[in-house]
1. Roll a 1.4 Å probe over the protein chains and send me the accessible area per residue for the chain in Å².
2. At 0.36 nm per residue, minus the direct Cα-Cα distance, what do Tyr330 and Glu73 gain on full extension? Give it in nm, one decimal, please.
3. Most mobile of Ala361, Ala94, Ala198 per a Gaussian network model of the chain (Cα springs, under 10 Å)?
4. Given a cut-off of under 8 Å on Cα pairs at least six residues apart, what relative contact order in percent is computed for the chain?
5. Out of (1) 78, 62, 50; (2) 76, 55, 36; (3) 67, 47, 42, which label holds the value of Cα extents along the principal axes in Å that was computed here?
6. Near the amide H of Tyr342, under 5 Å away, which other amide H atoms are found, from residues 5 or more places off or on another chain, if H is placed in the peptide plane?
7. Percent relative contact order of the range 1-76, based on C-alpha pairs within less than 8 angstrom and at least six residues apart?
8. What does the accessible area of Thr200 come to, in Å² to the nearest 10, when a probe of 1.4 Å is used?
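The values are calculated or read from the model by the stated rules, or taken from the named source; none is laboratory data. Since the model is a prediction, treat every value here as computed from it, not as a measurement. Neighbour counts run over all protein chains shown; Cβ positions are idealised from the backbone, glycine included. All accessible areas refer to the heavy atoms of the entire protein, side chains included, with ligands and DNA or RNA removed. Shrake-Rupley method; radii C 1.70, N 1.55, O 1.52, S 1.80 Å.
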Amino acid sequence: MADFEFSARIRAARQTFADIASVSDMGALASQIADLEQQAAAPDLWDDPEAAQQVTSQLSYTKTKLDKLRQLESRLDDLEVLLELADESNTTEAAALAKEAEAELKAIETVIADLEVQTLLSGEYDEYPAVVTIRSGVGGDDATDFAEMMLRMYLRWAEQHGYQTKVLDTSYAEGAGIKSATFEVDAPYAFGTLSVEAGTHRLARISPFGSADKRQTSFAGVEVIPLMEEATAVEVPESDIRVDVFRSSGPGGQSVNTTDSAVRITHLPTGIVVSMQNEKSQIQNRAAAMRVLQNRLLLLQREEEAAKKKELAGSVTASWGDQIRSYFLYGQQLVKDLRTGYESSQPDAVFNGDLDGFIAAGIRWRSMQANS
């Protein structure tokens, strides 16, 4: 049963698992779980709901990661036992066991590939939750409709992974779809995972809003920033901001609020604008907007510092460019990433949240670019 190719695949799986286990440090994960469990058992944990959510979310993520590693190690051991049984069995039994072993090895290889991608999330901000903003671009009603399709796509992706999301702001278009939306993904490593989605996305389709049945190309932009606790230490003088309040609205401009509870904060020195309208009160919307503004300012500050260091060192790194992915909804029915070459012939599934393949390919591509 254990032919050369099959044995080589098992050895490769074993080696990759050993590398992943070494980087992940299972002992450190176990210690981290014990510490988080102690924090989660504190009687005053939920006195600060936001901090409590961070503890429980990190505990769940770390437990899942360690369980995956332990289960994978056990499955590799069981697979080798299965191969020994196949070698000792008669021809009929050996064939059935061989088929079972092949299926199990494929499943193991898939899990290993997923874990391998996770080990690449070691950037400075990768471990943080994320704030994602989607903005419609050129393309009229098709672009605003595309932006709404993308919002649903990312929310469905997060839902499928059990990640908590919170829509912070939605600006509806006068016609179809949305002008922009901002939402939070509260999960460990959400930023590292979703940051590869940042950039310009292009949709090509026969427009449902035109009468000429011509192909329409439209664009939407995705921005992803980490949600960092230390950002709250960023001081933003009142003289540096302009705060506008307005009435929250739903699709088509219909009023969903009888008070001016929505808040727009403009940071005058940088021109950064943050709007929030999905909280119940003006105070809550202002607090949410300030938190996102502080994170953007901290990230901008660190990016400027890094740029200065690179300039002094005389190094130049390739940028990702603007357009990262194309979605074709006519003729060939294809979604293709322009950086990695990864593609799917099932755009309906992609728009329904099937993004793992694109994200994994993007994380690997980013790692290769960093090491080249």
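1. Counting only protein heavy atoms, the per-residue value for the chain is 53 Å².
2. Values: separation 257, 0.36 × 257 = 92.52 nm, distance 4.48 nm.
Taking 0.36 nm per residue and subtracting the Cα distance, the gain is 88.0 nm.
3. Maximum fluctuation in the GNM of the chain, among the listed residues, is at Ala94.
4. On the way: 579 pairs, mean separation 55.0, N = 372.
Answer for the chain is 15 percent.
5. Here the calculated entry is (1).
6. Residues meeting the criterion, in which the H sits 1.01 Å from N, are Asp337.
7. Numbers: 25 pairs, mean separation 26.4, N = 76.
Here the relative contact order equals 35 percent.
8. 40 Å²
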